[in-house]
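The values are calculated or read from the model by the stated rules, or taken from the named source; none is laboratory data. Keep in mind the model is a prediction, meaning the values are calculated, not measured. Positions of Cβ are backbone-derived with ideal geometry, glycine not excepted, and every protein chain shown enters the neighbour counts. With ligands, DNA and RNA removed, areas are computed over all heavy atoms of the protein, side chains included. Shrake-Rupley method; radii C 1.70, N 1.55, O 1.52, S 1.80 Å.
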Amino acid sequence: MPGSLPFTIEKTENFYEKLGDWIGDVFYDILPEAGFELRDEQIYMAFQLEKAFKEKKSIFAEAGVGTGKTIVYLLYAVCYARYTRQPAIIACADETLIEQLVKKEGDIKKLEKALNLNIDVRLAKSRDQYLCLNKLDAQVSRDSEVFDDVYDSLPRFALGEGQVLQKFEKYGDRKDYPELPDEHWAKIGWDPLQDCLACSRYHRCGMTLQREHYRNAADIIVCSHDFYMEHIWTRESRKREGQLPFLPESSCVVFDEGHLLEFASQKALTYRFAERTLETLLERIMGNDIRERTLLLMEEALSLNEHFFTELAANSTDSQSSDKMAVHKTEGIMKKADRLLALIDEIQEELVFESEMFILNEYSLKIVEEYLDQISFSLSLFVRRREGINWLESRYGEKTLVIMPKMVSEILRKEVFSEKKPYVFSSATLSDRKSFEYVASSLGIDDYLSFSVDSPFDYGSRMSISIPEFPQGDFAGKADFTLERLIDTGGHALILFSNKAELHSFKEFIGEDTPFPVLFEGDAEISTLVSRFQNEANSVLCSVNLWEGLDVPGSSLQNVIIFSLPFPPNDPVFSARREEAADPYNDVDLPYMLLRLRQGLGRLIRTHEDSGRVDILLEQGISEETRSSILEVLPVPPAAV
């Protein structure tokens, strides 16, 4: 039962000694009897983690593909959670990998069966993964038939039809609507402008109910890196506002694919100023009987806001490999930003007088003031600070200015890793030539444990690698080769793209008339696509984001095609990294590409029985140094083409 340790311990006995004895029994006796492979690398990792939990330290656990690292950290996380009576948090690289951990074929279900355990694991997803009832109503009222099925699937209590909720009932998760494309979901999913606390449906909302549900987890809460870092950055402000932090106090934290945490930390610290935010906020106030001076200031601010974003768009450079457009800070842009910042400050002062006249709703005014504070702070960073990274995004017709800090190590050192608890970083790619100093310093971790173990798989007999070359820019040649490979194998393939533009171009190239199902990331909810790929053995999965974490053993995946080398995009984030580096190519571009390439190669062989082929499509003109670096990270020498 949840809450009980899977071994007995007397008051006079040491928990860690008993845990170590039980871990030994699990790996040497219980799991082999249940059909699990006995892996020396896995057992070595298990006893390395024991020290981290005993000393409450951070540990970088670099373990090759097939080590079974997930099972190791799950055993420690569950036992430690039950010992401390606080849940363990497992943070995956992104939302797409959360479902991988808890799927019916996953390691948690396997452990429950083998050890006769009932593990209480609950998902804590980011807010944009939940349905907004108000936005759905707006779409349905416009006779948008595409959303009728979503509306009809809602439980009666969510519609306010008098039914009282007797027990927790999950609804409104992005995963519940697998066939809905991402573009449609954006019209009905949560977004930052929703006033959740003021919403009349707050206590019926699927997100609210799920949050109350996962906070009571006894063993494990699974979330994304992004959501965990958002929890860290907002927990004190939420407490000041009388709200609970997104996540409860935890016993330990495991960062699966831990090499990606720095990116999530930067993302969580970004400040976003959307084009329509100011208009949405001020229109709430302008409809009231406010003074003429306040009204005129608001009208000027709205007009200037429109011109500001128009000029931003006109002076931003698009990148094919990223949705981040580089902003060129022209004199006109900076003058408009300065004036808009001044106007917002004046409006905030005027709202103090308006509040004293008791014309405005107190709660609505508080929401507006909080958002104006955020906009003012964002604009001040854009105008006055040089150490930030700025870019413009445009999605579904909405432009957003984004400001992000360059370095997060000091903040992480203070806000996260100063706390004495076990932090486990798990990945096949954490070190740089067996040194963990780079990843540790980038995260602000000064005192840590570390180890590396290689993959137990015999790649020489199970994997073949081909590296065909094509003229630079020969998309058609690469696409023709890929299609021929798919026809030869009858599907059974994962195609990894470096950016969405490549994926969309290939989608147009291949068309719909194929002898096997071809699944494209973005056409449906991602975990549903992965499940289809795993269960429809001849299907093909095309993805931009599944270089890490995808675990599909067996006949479904026999060919991994790397459509182009996964160099980082030429966007403002990586441009800033390059500016800081002494040797941008060797310090930024090449390490990123090689790490991601290693991750992509690791998708093919997941068990000792798996076998298959990897095709890495190169463009001619690549330097000999880069070619040599690629050959060094390959688990087997490539075959002659």
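Side notes on the structure shown:
- Close lysine pairs were tallied over segment 271-405: pairs 8 or more places apart or on different chains with Cα atoms under 22 Å apart number 5.
- Building the convex hull from the alpha-carbon atoms of segment 271-405 and averaging its projection over directions returns 8.3 nm².
- The stretch between A313 and D25, if pulled fully straight at 0.36 nm per residue, gains 97.5 nm over its current Cα-Cα span.
- Calculated [θ] (222 nm, deg cm²/dmol) that DSSP helices of n ≥ 4 give over the chain, each run adding -39,500 (n - 2.57): -13500 deg cm²/dmol
- Gyration tensor verdict on segment 463-633 (Cα atoms; rounded if a/c is under 1.5, prolate if a/b is larger than b/c, oblate otherwise): prolate
- Computed Kirkwood radius, in angstrom, where 1/r is averaged over Cα pairs of the chain: 26.9 Å
- Tensor-based shape of segment 390-480 (alpha-carbon gyration tensor, a/c under 1.5 rounded, otherwise prolate or oblate): oblate
- Above-threshold pairs, the threshold being 20 Å between Cα atoms, out of K69/K406; K125/K175; K125/K406: K69/K406; K125/K406
- For segment 393-463, trypsin sites (Lys or Arg not before Pro) are listed when DSSP marks them as loop and at most 16 other Cβ atoms sit within 10 Å of their Cβ; the list is K406, K420, R433, K434.
- Chain lengthening between D289 and S153 when straightened (0.36 nm per residue, less Cα-Cα): 44.8 nm
- Hits among aspartates and glutamates - C-alpha to C-alpha of K109 under 12 Å, sequence gap 8 or more where chains match: D120
- Rounded, prolate or oblate (a/c below 1.5 giving rounded, otherwise prolate when a/b exceeds b/c) for segment 351-510 by Cα gyration tensor: oblate
- Apolar share of the accessible surface for segment 529-641: 47 percent from carbon plus sulfur atoms, 1.4 Å probe.
- Other residues within the sphere of radius under 12 Å centred on the Cβ of I333, judged by their own Cβ, net out at +1 (K and R +1, D and E -1).
- Under 12 Å from K54, Cα to Cα: aspartates and glutamates that are on another chain or at least 8 residues apart: E17
- Whole-Å distance, taken between Cα centres, linking segment 429-503 and segment 79-153: 28 Å
- Residues of the chain were split at every exposed loop site, defined as GluC sites (Glu not before Pro) in a DSSP loop with at most 13 other C-beta atoms within 10 angstrom, and the longest piece left, sites excluded, is 250-386.
- Share of carbon and sulfur in the accessible heavy-atom surface of segment 271-405 [1.4 Å probe, %]: 48 percent
- A crude spin-label estimate for the pair E212 and T234, with each label 7 Å from Cα along the Cβ direction, gives 1.9 nm.
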